Amino acid sequence: MWNSLSSFIIKFRVLFLFIIAGVTFFMAQNAVNVEYSVERAKILPSSHQVFLDNQNFQKKYGNNQVMAIAISDSLFFNIDRFLFWDSLCAEIKKINGVENIISVNNLSKLEKNSDEKKFETCKWFNDSLLNQEILDSLVIELNKQKFYDGFFNDNNDGALVLIDLDSEIVISKNRDDLVFSIKEISEIYSKKYNIRIHYSGMPYMRSVQSVSLKKEIILFVFLTLLITSLILYLFFRSFKAMFVSIIVVVLGVIFAFGFIEILDYKITLLTALVPPVLIVIGIPNCIFLINKFHNEYRKNNNKIKSLKIMIGKIGNITLLTNVTTATGFAAFLLTNSQSLQEFGLIASINILVIYVLSLCLIPIFFSFFSPPKHNHTKHLDRKWVVSIVDYLIFLVNNKRNAIYIVTFIAILLSIVGLNKMNLTGNLSDDFNKRDALYKDLKYFENKYKGVLPLEILVDTKKKNGLFKSYNLKKMEEFSSLLATYPDFSQPSSYIDFIKYTKQVYYNNDPAYFNLPNNQEQIFLTNYISNTSSSFNMRDMLIDSLNQEARVSLRIKDLSASEMDEIMSDLEPKISTIFDPDKYDVIITGTTKVLLTGTKFLLNNLFISLFLVIILISIFMAWMFSSFKMVLISLIPNIIPLLITGAIMGFFGIALKPSTILVFSIAFGISVDDTIHFLAKYRQELISNKGLIRISVFAALKETGVSMLYTSIVLFFGFFIFIASDFGGTVALGLLVSITLLIAMLSNLLLLPALLLTYEKKLMGSFISQNKKI
């Protein structure tokens, strides 16, 4: 079949070029229309209870999108600065998409109208501030109001500003313009007074990451092409070989973007990795094919014959290696995460596409080129490569016990290191710790106990149940409980509003900021019902039936495990306050969804890794029809995963979604070397009539050169990810590079050593096979 295919490709090479050009043009037309995702990655399935709870919350109370600004200025309450910031707030309010601004300069307050028995709303700081003395007196008075705690520091050295954004714009492509327009106006204050302004909040953080993502896609495609081109030229000393290989992978990148658009996906942090990964994976295909072509040409001096042999001998092997690599990515399709499914589908499809492109374009282009000169095949005899391969053969032949001892020690150390691994899942895990985005997030944690939203819904299951005196006391106790957790901000609920109305009723005396008794509650209810709806705090924090209360708070950037510890401590205490048979208490919000999604993603990634190993094991069993061979082929590829896990444990690299990806990707790629070696070994075994020792060394001598070349490309190809601004991408690139380097050594030393050790048991196991590899 492969001989017929090779003849067909060469015979109809012009037709193939036109077909590939036409399909590429079609894919390029789609690629230019691909869009970047502006929504949060869809990790949890729509049937997950945490996802449903958050959807229910958003239907009742809206999809709150808040951008937070912290002004770090000890002279903020200087009247000139204060009024200047007030004028900037007015400009920000005019921006399309800004719904409301909560800032110290525009805070509302209640005043008692005894005649009409109601509360009236007005601004704390009116537009006619005359002098610094009046401003200072108002600030002193405001500091006494517990209801407004958190909007500025105790030392009055700055202020917190919360800007409510239109949720429809936040999930559209106009989000970045909205967010950066707000920042641009705010920076006017920063530049004028030479002070630092900090920015955070989910919309802002996603916008900053979106801009970085767009830059990185272009950067990594360029860097990957540059480094692989350089390595290819150094290997082959041929611009033709370099040119053809780069054409193949560039077309692969175009196809990848095209498929993203055709499948109606968008570019996310995960799918953005596909183009550079394709380049790194595609180049080894080219190396194996070109190496084989040069090898055969040097034997027979016939270009067309050599190309046909190349397709026949290497085409089937590279098909197997690409299928196993694609399987590693396709395993993500079996998870319940939409983001992982999209990533797995795009990667696996395009790995096979780039295989087809390399199998067609390399022989077609070389059929048009002049035959390779002696200088182009010298790389096969390059002294340093030949010396390394000869030394590997020496070690396998004479130092097998040393190889096993080193392997055993590595496994023992891996077990120790694996026990040191820890689980994380912070929102800031993928932030560059040197960037302002991360530093600003930590500033908000230190000054305001964070900006990440957490919502708690308390359902009394009774209409008007929230205003029963016993429920008011329970809610007060609950708020006091939440305030004891150092990672939580001061909670906000309708209880605070009720206590504030009592304080206002008693002429703003702070001593009355507490719950009203039954008699006080009667007349306060009348005052509240007569109050203008412009003061909407009450409407925000309870439902229309006065049955369910919303408790809002901000939390620090906690990991999934840290949040679990807090919840395991908090939830039993909640049950002692609110009887589960009489009350429903639901903890929800964006942060809850993100942290639950992280744990869900990790579980799915563990499952996908297990499935990758199972699927590739089945593939190996089909390929070699021997259980022993399955074990022998898996051992050299599992050990590098253990060592990588140990490195993570020893160096404190946490297990998180971006790092767990390493294992599935690296295993799918590293097993390619195993297949190349074993396929060549089987060919030699048949040629040498079952003589395992001769076959092992012959296979090692021929495939060793290509394995060294491809491993170098893979190592540096993934290593360039350390230039990323995303911590997860840096960890992914570094760990995959290390894993593949260890896997190369394992396949070049441990695999042939195992074959020789079990020589007698394996004797004849391949000869009886009828499968054609």
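A few points about this structure:
- Residue satisfying condition, being of a type in the set (A, V, I, L, M) and either over 43 Å from the mean Cα position of the chain (by Cα) or open to solvent by 60 Å² or more (accessible area, probe 1.4 Å) (or both), within set Leu595, Leu515: Leu515
- Those helices (runs of 4 or more DSSP H) of segment 285-403 in which 1 or more residues are buried (at least 18 other Cβ atoms within 10 Å of the Cβ) and within 38 Å of the chain's Cα centre (by Cα) occupy 303-330, 338-368.
- Candidate set: segment 237-247, residues that are hydrophobic (A, V, I, L, M, F, W, C) and out of contact with any Pro (no Cβ under 9 Å at 6 or more places or on another chain); chosen: the one least open to solvent (accessible area, probe 1.4 Å): Val244
- One residue from Ser670, Ser633 being of a type in the set (Ser, Thr, Tyr) and more than 19 Å from Ile388 (Cβ to Cβ): Ser633
- Hits in segment 602-621 (condition: open to solvent by 20 Å² or more (accessible area, probe 1.4 Å) and in contact (Cβ under 8 Å) with a residue 60 or more places away in the chain): Ile607, Leu609, Leu611, Leu615, Phe619
- Sub-6 Å Cβ pairs linking a first residue in segment 556-577 that is under 23 Å from Asn446 (Cα atoms) to a second residue that is surrounded by 14 or more Cβ atoms within 10 Å (Cβ to Cβ) and of a type in the set (Lys, Arg), at least 6 apart or interchain, are Ala560/Lys599, ordered by first then second residue.
- Condition broken by Glu99, with the remaining ones in (1) within 16 Å of Ala159 (Cβ to Cβ); (2) part of a strand (DSSP E or B) satisfied: (1)
Per-residue answers, yes or no, for (1) assigned to a loop (DSSP other than H, G, I, E, B); (2) modelled with pLDDT of 90 or more; (3) surrounded by fewer than 19 Cβ atoms within 10 Å (Cβ to Cβ):
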position: Glu477; (1), (2), (3): no, yes, yes
position: Thr484; (1), (2), (3): yes, yes, yes
position: Tyr527; (1), (2), (3): no, no, no
position: Ser534; (1), (2), (3): yes, no, yes
position: Met567; (1), (2), (3): no, yes, yes
position: Glu571; (1), (2), (3): no, yes, yes
position: Ile574; (1), (2), (3): no, yes, yes
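- Annotation: Lys420 fulfils all but one of (1) touching a helix residue (DSSP H, G or I) at 6+ places or on another chain (Cβ under 7 Å); (2) part of a helix (DSSP H, G or I); (3) surrounded by fewer than 18 Cβ atoms within 10 Å (Cβ to Cβ); the unmet one is (2).
- Contacts under 8 angstrom Cβ, first residue in segment 57-84 being of a type in the set (Asp, Glu), partner outside any strand (DSSP E or B), 6 or more apart: Asp73/Arg81; Asp73/Asp157; Asp73/Tyr193; Asp73/Ile195
- Among the residues here, Ile279 qualifies as open to solvent by less than 10 Å² (accessible area, probe 1.4 Å) and assigned to a helix (DSSP H, G or I).
- Residues that are among the hydrophobic types (A, V, I, L, M, F, W, C), under 20 Å from the mean Cα position of the chain (by Cα) and outside any helix (DSSP H, G or I) within segment 169-223 comprise just one, Ile171.
- Of the numbered criteria (1) part of a helix (DSSP H, G or I); (2) buried (at least 17 other Cβ atoms within 10 Å of the Cβ), the one Ala28 fails is (2).
- Residue within segment 545-560 that is modelled with pLDDT of 85 or more, surrounded by fewer than 22 Cβ atoms within 10 Å (Cβ to Cβ), among the polar types (S, T, N, Q) and touching a strand residue (DSSP E or B) at 6+ places or on another chain (Cβ under 8 Å) present: yes
- When segment 460-475 is filtered for residues that are buried (at least 18 other Cβ atoms within 10 Å of the Cβ) and either touching a residue at least 24 places away in the same chain (Cβ under 8 Å) or aliphatic (A, V, I, L, M) (or both), the ones remaining, listed by number, are Thr460, Gly465, Leu466, Leu472, Lys474, Met475.
- Counting the residues of segment 423-439 that are touching a helix residue (DSSP H, G or I) at 6+ places or on another chain (Cβ under 9 Å) and either modelled with pLDDT of 85 or more or farther than 24 Å from Met563 by Cβ (or both) gives 4.
- Selection from segment 461-503 of residues that are of a type in the set (Phe, Trp, Tyr) and closer than 19 Å to Phe513 by Cα: Phe467, Tyr470, Phe478, Tyr494, Phe497, Tyr500
- Residue match in segment 712-719 (condition: at pLDDT 85 or above, under 17 Å from the mean Cα position of the chain (by Cα) and under 23 Å from Lys215 (Cα atoms)): yes
- Selected residue [in contact with a Pro (Cβ under 7 Å, 6 or more places away or on another chain) and crowded, with 21+ Cβ neighbours inside 10 Å] from Thr228, Thr224: Thr224
- Of the residues contained in segment 181-189, one or more are found to be without any contact (Cβ under 8 Å) to a residue 60 or more places away in the chain and either over 28 Å from Lys592 (Cα atoms) or open to solvent by less than 30 Å² (accessible area, probe 1.4 Å) (or both).
- Residue in segment 432-453 that is without any contact (Cβ under 8 Å) to a residue 12 or more places away in the chain, loosely packed, with under 15 Cβ neighbours inside 10 Å, aromatic (Phe, Trp, Tyr) and at negative phi present: no
The values are calculated or read from the model by the stated rules, or taken from the named source; none is laboratory data. All values derive from a computational prediction rather than experimental measurement. Counting neighbours? That spans all protein chains shown, and the Cβs are built from the backbone with ideal geometry, glycine included. These accessible areas exclude ligands, DNA and RNA; they are computed on the full protein's heavy atoms, side chains included. Shrake-Rupley method; radii C 1.70, N 1.55, O 1.52, S 1.80 Å.
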